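Coordinate-derived values only; no laboratory data. Since the structure is predicted, the reported quantities are computational estimates derived from the model, not experimental observations. All Cβ positions, glycine included, derive from the backbone under ideal geometry; neighbour counts span all protein chains shown.
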Amino acid sequence: MTDDKNEAATQFLRGSSFLEKEIFQLYQNLAQKTEYADIRYMLVGLAYDSLKHSKILAEINKHFVKLKTIPQLSQIVNELSIEISKKEKMNTEDLSTFVKRAADLEDLLSEKYIALLALENLQYVVDKLSKMTPVDSRALRSVFSGLVKDKENHRNLLIEFQYFVIAKKSEKAGDNAPSFKYKNPDKWNTP
């Protein structure tokens, strides 16, 4: 059973670079379609974090013979990307939904990276990589710890985005109240 877990962790590692690159594209597309400049700016930041992760993981993956995709996570990213591409602009409800789904995706990725950090999984990956190139397990642990921390930060930012979108939505709802113009209110109190 431990060998199955180790092999699953290695399979995830092999496809993670490609997956992070897809997430980069997903955040870029979502940023282009949101009307809120501050959320757009932060989504671009998340996108470039994912691109950074992709490059780091690609460097690690150079030493594995063949890369595979990660079916479950790739499917989630592809579905989100397709849905986002169908939208010309995001309304607040759509943005809120997509941000929540992106936060869930970040959770899943964080869980996978945490699984890689499990002692036997990490040692298995180090052993496999050591056959091809010298590997320092502490450095690899540090890389994956950094990825986990980034994913947790991404998730927290996405949750903050969701609250921001909800606040903007309620502001807009308040803006629909009828307005009145009073003529000469100073004369109301004169006898």
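Contour minus end-to-end for D127 and Q25, with contour as 0.36 nm per residue of separation and end-to-end as the Cα-Cα distance?
Residue separation times 0.36 nm, minus the Cα-Cα distance, leaves 33.5 nm.
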Stretchable slack from N189 to Q32, in nm (0.36 nm times residue separation minus alpha-carbon distance): 51.2 nm
Inter-site label distance for A167 and V44 at 7 Å from Cα along Cβ, in nm: 2.2
Fully extended contour minus Cα-Cα distance, from E88 to A139, at 0.36 nm per residue: 14.1 nm
Kirkwood hydrodynamic radius (C-alpha pairs) into Stokes-Einstein, region 2-166, 4 °C and 1.567 mPa s, D in µm²/s: 79
Residue pairs, from the table K52/K131; K62/K86; K33/K62, whose Cα atoms sit over 32 Å apart: K62/K86; K33/K62
Charge dipole magnitude, Cβ of K and R +1, D and E -1 - region 2-166, Cα centre, debye nearest 20: 520
Radius ratio Rg over Rh of region 22-107, counting only Cα atoms, Kirkwood formula for Rh: 1.02
Unit charges at the beta carbon, dipole of region 22-63: most positive-side option, Y41, Q25, I60: I60
